[in-house]
Amino acid sequence: MATNSTLHEVANDSGYNYRHEYSITPTYADTLPGHEIWKIVTKQFSNVFPIPGMVDNPQPGQEVILLGNNPIRILEVGDRHIKILSLESHRLGPDNIVTLGVSADGRTLVAEAHGPHDPGFPDSFIAWPTWNAFSNNIVHAVYESEPGGVIPSDIDAQH
């Protein structure tokens, strides 16, 4: 079950900044290092990323239109993270940067965002449920990547 363990949020006239951490437990992922989990995730990113429109194996420089005509550009893809930039007609405005990644031990999803414009509503309305869904999807993707591809019923019931 993925849970929100930490939230740090600052919103002011000069923009916003937040960091969420989600525990990815209980899961087989506990036995995989973060870079192995990220390999599983990026191969099927369009299914794991919680906002429709994302592509599998995203590449730096690639532009994608997410649900609701929200354009983004992939800035960076590392062995345990992705960094995304919102573009001009994005509903939250341009120049917002979101970095999503898995901890080295594979037990935590970290979501960080900052941007020049305060979105005008508490971050918890959109970001927390979105990234919580992402952490749940990671759990499912890791289980399904195993031979047999079956999620134990006690885990599936929690997600």
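Quick rundown of the values:
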item: Total residues in the range 70-118, condition basic (Lys, Arg), in a strand (DSSP E or B) and closer than 26 Å to Ile24 by Cα; result: 1
item: Top-ranked residue of the range 29-69 - restricted to ones that are under 15 Å from Gly106 (Cα atoms) and either open to solvent by less than 40 Å² (accessible area, probe 1.4 Å) or touching a helix residue (DSSP H, G or I) at 6+ places or on another chain (Cβ under 6 Å) (or both), ranked as modelled with the lowest pLDDT; result: Ala29
item: Checking Gly93 against (1) at pLDDT 90 or above; (2) over 18 Å from Ala133 (Cβ atoms), the condition it does not meet; result: (1)
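The values are calculated or read from the model by the stated rules, or taken from the named source; none is laboratory data. In this text the structure is predicted, and so the values were computed from the model without any measurement. Cβ sites come from the backbone with ideal geometry, for glycine too, and all protein chains shown count toward neighbours. These area figures cover heavy atoms from the full protein model, side chains too; ligands, DNA and RNA do not enter into them. Shrake-Rupley method; radii C 1.70, N 1.55, O 1.52, S 1.80 Å.
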